[in-house]
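Have a look at the structure below, then the notes.
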């Protein structure tokens, strides 16, 4: 489904090369200050990536990404009604995707989407499966951050960063790794870590609405995310209980370590929420690959054209922040 949430309800729509894409968000308190300028900083971070010196690793497609607020805001304040926002698509090159109906891209959703929707799916730019739809998540995240600030105060902080690209944790080497992938007509993946601080004890509900479940659900909605871990994550399998357990050293719940990533029993414990996402290498690469020709039934060479990211992880930190804010807003 393209809708989710209980207290903060979100629906999204659109395709990469359609007329527009957007969101409808409900459950927003009246009176929150909100203008299109509030979206600018996060939309720019998504567009250009987190590191200016690595912009060559992001797609050459450049859209204005200007939010058009259709409802729910009057005179710079939310009205309490659902907020509808759209983003127009004006920089399409749909011809780059003409052959993908017959020759699906390895690693992409082309094949499964065609089978699931009987060939009626929009193939242009990946259609509804495109990373362009993360614009909608950013827009919803901006609204969610407003709700968090209004409810919990300005002490709440959500920030994300890249910790690894192409298997390397040293930022000084990322430019070389990305440029190497571009020269090879290939792509690389990465790891993004997100932290949320200033949160109270008690966010999240057992059993199926645990805070980890909500964050993970949204995180896996980001195209390209293939894994998530909280706190010590998979490293905890190599630890003993006495090493993993976070000792409580204060009556407010402060712990000496944070191996649980700020969550126990699916409920926030007052310590920083910390999680990491594994971002796969971009599926669309210029390097020649093999794929099935759905008409001839034969495996044939595939040459993908178009404008694609060499490293989609570059644009994911702000998206990680957005989905975290959405999940937290839905827990208030």
The residue from 256, 221, 260, 172 that alone is surrounded by fewer than 20 Cβ atoms within 10 Å (Cβ to Cβ) and in contact (Cβ under 8 Å) with a residue 12 or more places away in the chain is 221
Taking region 287-314 and keeping residues surrounded by fewer than 13 Cβ atoms within 10 Å (Cβ to Cβ) and either closer than 24 Å to residue 164 by Cα or within 24 Å of the chain's Cα centre (by Cα) (or both) leaves 287
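Can you say whether residue 188 is in contact (Cβ under 8 Å) with a residue 24 or more places away in the chain, under 16 Å from the mean Cα position of the chain (by Cα) and either on the phi > 0 side of the Ramachandran plot or not in a helix (DSSP H, G or I) (or both), as far as the supplied structure shows?
On the way: in contact (Cβ under 8 Å) with a residue 24 or more places away in the chain: yes; under 16 Å from the mean Cα position of the chain (by Cα): no; either on the phi > 0 side of the Ramachandran plot or not in a helix (DSSP H, G or I) (or both): yes.
Answer is no for this residue.
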Whichever residue in region 103-126 is modelled with pLDDT of 90 or more and on the phi > 0 side of the Ramachandran plot and, among such residues, is surrounded by the fewest Cβ atoms within 10 Å (Cβ to Cβ): 118
If I ask for residues that are in a loop (DSSP other than H, G, I, E, B), exposed (fewer than 13 other Cβ atoms within 10 Å of the Cβ) and either out of contact with any helix residue (DSSP H, G or I) (no Cβ under 9 Å at 6 or more places or on another chain) or at positive phi (or both), which ones from region 40-77 would you list? 60, 64, 75, 76
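Give me the residue from region 151-169 that is in contact (Cβ under 8 Å) with a residue 40 or more places away in the chain and in a strand (DSSP E or B) and, out of that set, surrounded by the most Cβ atoms within 10 Å (Cβ to Cβ). Explain how you work it out, then say what you get.
Of the residues in region 151-169, the ones in contact (Cβ under 8 Å) with a residue 40 or more places away in the chain are 151-153, 155-163, 165-166.
Now restrict to residues that are in a strand (DSSP E or B): 157-163, 165.
On the way: 157: 14, 158: 23, 159: 14, 160: 24, 161: 15, 162: 24, 163: 14, 165: 27.
Filtering region 151-169 for residues that are in contact (Cβ under 8 Å) with a residue 40 or more places away in the chain and in a strand (DSSP E or B), the one surrounded by the most Cβ atoms within 10 Å (Cβ to Cβ) comes out as 165.
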Specify the residue that is farthest from the chain's Cα centre (by Cα); the eligible residues are those in region 216-246 that are farther than 17 Å from residue 265 by Cα and in a loop (DSSP other than H, G, I, E, B). 240
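Could you grab me the full set of residues in region 26-58 that are at pLDDT 85 or above and over 17 Å from residue 77 (Cβ atoms)? Steps first, please.
Kept after step one, since they are at pLDDT 85 or above, are these residues of region 26-58: 26-47, 54.
40, 41, 42, 43, 44, 45, 46, 47, 54 - these are the residues of region 26-58 that are at pLDDT 85 or above and over 17 Å from residue 77 (Cβ atoms).
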Of the residues 148, 100, which single one is crowded, with 21+ Cβ neighbours inside 10 Å and over 20 Å from residue 318 (Cβ atoms)? 100
Qualifying position, being at negative phi, in contact (Cβ under 8 Å) with a residue 60 or more places away in the chain and assigned to a strand (DSSP E or B), among 23, 28: 23
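Working carefully through the options 280, 276, find the one that is crowded, with 17+ Cβ neighbours inside 10 Å and more than 20 Å from residue 47 (Cα to Cα).
On the way: 280 fails: more than 20 Å from residue 47 (Cα to Cα).
Every option except 276 fails the conditions.
The values are calculated or read from the model by the stated rules, or taken from the named source; none is laboratory data. Note that the structure is predicted; figures quoted are calculated from it, not measured. Here Cβ is always computed from backbone atoms with ideal geometry, including for glycine, and neighbour counts include all displayed protein chains.
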